[in-house]
Amino acid sequence: MNTRTLYAVLWGFALLAWHSPTFAQDARWAERMFSELSHDFGVVARGADVKHRFKITNHLQQPVHIASVTTSCGCTSAKAEKETLASGESTYVAITMDSVKFEGHKPSSITVVFDRPSHAEVRIPLQSFIRRDVVLSPGGAQFGTVAKGQSVDRTIHIAYAGRSDWKIREVVSKNPNIQAQVVETQRSAGNVKYDLHVVLKEGAPLGAFRDQMTLVTNDSGNPNIPVLIEGQVEAEYSVTPELVSFGTLAPGERKTVNVVIRGKKPFMIERIESETSSGLFEIRLPKNAKPVHVLPLTLVAPDQAGTVDEEFHVTISESSEPLKFKSHGRVVSRGPVSAARGPNTTPNASTVQANR
């Protein structure tokens with residue numbers, strides 16, 4: 001290869017690299033995936049739960065892989081919730097600061113390292129100031145998993161050492177499903193104690209929640225004390241999967257998929273009804289009460305080609321509201337069908353053929 005040809009090849013590679021979204025013309029491709037590139041936790045109480053989540057979204061056409069997440073000091077821990085992201089997919093990097101062992105101004109940082117589609121590092125600076133005069137125990141209102149319709153309360157003890165006239169004036173919460181109240185329990189020689197009662201109301205919607213309420217004090221220098229609230233509201237009963245897929249079937253073909261119904265305690269299933277099908281589905285109801293029921297649901301494909309979409313209502317003896325799930329299947333004609341349907345497939349109006 002002569003010199004002129006070698007230069008042409010190298011120039012071609014340079015142009016290719018220039019037009020790649022992960023190289024020169026977008027050297028900050030990794031940074032652009034982050035929802036924010038710094039975070040200030042502000043002034044927090046000692047012992048408080050200090051957490052934050054950075055959202056990462058893959059805007060590239062190719063997959064992205066997070067090789068590692070490291071921190072600059074022992075006061076901070078960090079972890080990616082998912083390491084490989086397809087194009088358009090998102091994840092979070094969860095950050096936790098230790099407010100028990102450390103106090104005062106604590107600057108730190110995390111570094112997220114990517115190794116695909118190319119090497120890149122993103123450093124995110126963090127700031128916090130941990131007060132030594134206010135202590136929370138426990139550090140926040142952790143509700144864990146709560147059944148829908150259930151009211152749960154948590155108590156946080158607040159201790160202050162300093163001014164004798166220090167007071168908590170009010171509690172501010174933007175979550176309408178959280179009710180909070182502070183009660184003074186001690187005041188003597190500059191030591192003040194409160195109990196913060198936090199109640200998750202019965203009407204809280206399904207799903208995870210993470211909110212921050214604020215204790216407003218008469219401290220003119222640092223009047224606000226943030227308090228973290230976390231939990232997840234789950235239904236008393238759940239069904240998996242919510243959409244049962246039977247895939248593609250031939251006319252007259254039988255296919256069975258398991259449906260799992262879970263409860264917080266043992267329960268009985270009284271009946272399962274469908275909306276529009278005419279005896280296309282079969283299921284055997286359990287005879288005993290159990291916290292988990294695995295129900296084989298069978299679809300007997302009709303003779304006509306097309307889609308089979310259905311919604312099912314599950315009546316549980318301990319629940320006033322039925323569970324719902326759907327199914328989908330596609331019937332494709334594959335030539336003459338000589339096999340007849342098996343037994344127990346006679347149309348049965350618009351209910352599921354169910355036997356105990």
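The values are calculated or read from the model by the stated rules, or taken from the named source; none is laboratory data. Worth saying up front: this structure is predicted, and the values here are computed from it rather than measured. In this analysis, Cβ positions are derived from the backbone assuming ideal geometry, glycine residues included, and neighbour counts consider all displayed protein chains.
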Practice task
Give 77, 90, 108 a once-over and let me know the one that is in the same structural domain as residue 56 (by TED's automatic domain parsing), surrounded by 17 or more Cβ atoms within 10 Å (Cβ to Cβ) and closer than 19 Å to residue 52 by Cα.
Solution key: 108
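Quick one: which residue in 199, 183, 113, 216 is assigned by TED's automatic domain parsing to the domain that holds residue 61 and touching an Asp or Glu at 6+ places or on another chain (Cβ under 7 Å)? Before you say what the answer is, go through the steps one by one.
Values: 199 fails: assigned by TED's automatic domain parsing to the domain that holds residue 61; 183 fails: assigned by TED's automatic domain parsing to the domain that holds residue 61; 216 fails: assigned by TED's automatic domain parsing to the domain that holds residue 61.
That would be 113, the only listed residue that is assigned by TED's automatic domain parsing to the domain that holds residue 61 and touching an Asp or Glu at 6+ places or on another chain (Cβ under 7 Å).
How many residues are more than 15 Å from residue 246 (Cα to Cα) and surrounded by 13 or more Cβ atoms within 10 Å (Cβ to Cβ) if we restrict to the range 278-294? Before the answer, list the steps.
Let us first name the residues in the range 278-294 that are more than 15 Å from residue 246 (Cα to Cα), namely 278-279, 284-294.
Pick out the ones that are also surrounded by 13 or more Cβ atoms within 10 Å (Cβ to Cβ) and you get 278-279, 284-286, 289-290, 293.
Number of matching residues: 8.
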Exercise for the section: Tell me which of these residue 116 doesn't satisfy, since it passes every other one: (1) touching a His at 6+ places or on another chain (Cβ under 7 Å); (2) at pLDDT 95 or above. Expected result: (2)
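Residues in the range 184-196: is at least one part of a strand (DSSP E or B), of a type in the set (A, V, I, L, M) and either out of contact with any Ser or Thr (no Cβ under 9 Å at 6 or more places or on another chain) or more than 22 Å from residue 100 (Cα to Cα) (or both)?
Start the filter on the range 184-196 by keeping residues that are part of a strand (DSSP E or B), which leaves 184-188, 191-196.
After this cut, where a residue has to be of a type in the set (A, V, I, L, M) as well, the list is 192, 196.
Cutting the leftovers down to either out of contact with any Ser or Thr (no Cβ under 9 Å at 6 or more places or on another chain) or more than 22 Å from residue 100 (Cα to Cα) (or both) gives us none.
No: the range 184-196 contains no residue that is part of a strand (DSSP E or B), of a type in the set (A, V, I, L, M) and either out of contact with any Ser or Thr (no Cβ under 9 Å at 6 or more places or on another chain) or more than 22 Å from residue 100 (Cα to Cα) (or both).
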Exercise for the section: With the checklist (1) outside any strand (DSSP E or B); (2) loosely packed, with under 14 Cβ neighbours inside 10 Å in hand, flag the one item residue 121 doesn't pass. Expected result: (1)
Handout entry: Close pairs from the range 77-95: first on the phi > 0 side of the Ramachandran plot, partner surrounded by 12 or more Cβ atoms within 10 Å (Cβ to Cβ) and not in a strand (DSSP E or B), Cβ under 7 Å, at least 6 apart
Key = 88/58
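Considering only the range 218-249, state which residues are outside any strand (DSSP E or B) and either among the polar types (S, T, N, Q) or surrounded by 15 or more Cβ atoms within 10 Å (Cβ to Cβ) (or both). Can you show your working first?
The initial filter retains those residues of the range 218-249 that are outside any strand (DSSP E or B), namely 218-223, 235-236, 241-242.
Answer for the range 218-249, where residues must be outside any strand (DSSP E or B) and either among the polar types (S, T, N, Q) or surrounded by 15 or more Cβ atoms within 10 Å (Cβ to Cβ) (or both): 218, 219, 220, 222, 235, 236.
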Practice task
Taking the residues in the range 143-200 that are within 30 Å of residue 238 (Cα to Cα), among the charged types (D, E, K, R) and at pLDDT below 95 as candidates, determine which candidate is nearest to the chain's Cα centre (by Cα).
Solution key: 148
Completion exercise
Quick count over the range 28-42, residues being part of a strand (DSSP E or B) and surrounded by 19 or more Cβ atoms within 10 Å (Cβ to Cβ), is 1
